[in-house]
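Bear in mind that the values in this text are calculations on the coordinates, not laboratory data. If you're wondering where the values come from, they're calculated on a predicted model, not measured in any experiment. Positions of Cβ are backbone-derived with ideal geometry, glycine not excepted, and every protein chain shown enters the neighbour counts.
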């Protein structure tokens with residue numbers, strides 16, 4: 001995939017990538033969905049950066065177990 005074809009990550013997705021090291025866009029989206037519906041049961045906007053980073057790592061662990 002060339003740089004011209006790559007889609008830019010959202011702010012949350014970039015944070016998830018930073019926290020987990022995951023680079024696959026679909027996997028990042030799955031982590032974000034797990035954070036919203038399993039970890040926080042809410043939108044992500046009220047979480048601190050530290051909470052989001054921890055939530056991303058926890059969501060990755062959950063997804064890896066499935």
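Tabulated values for the structure
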{"item": "Qualifying residue in segment 33-51 (condition: touching a residue at least 40 places away in the same chain (Cβ under 8 Å), in a helix (DSSP H, G or I) and either within 15 Å of residue 10 (Cα to Cα) or touching a strand residue (DSSP E or B) at 6+ places or on another chain (Cβ under 8 Å) (or both))", "result": "no"}
{"item": "Filter result for residue 22 (in a loop (DSSP other than H, G, I, E, B) and surrounded by 13 or more Cβ atoms within 10 Å (Cβ to Cβ))", "result": "yes"}
{"item": "Search result, residues across segment 55-66 that are in a helix (DSSP H, G or I) and either without any contact (Cβ under 8 Å) to a residue 24 or more places away in the chain or more than 18 Å from residue 22 (Cβ to Cβ) (or both)", "result": "55, 58, 61, 64, 65"}
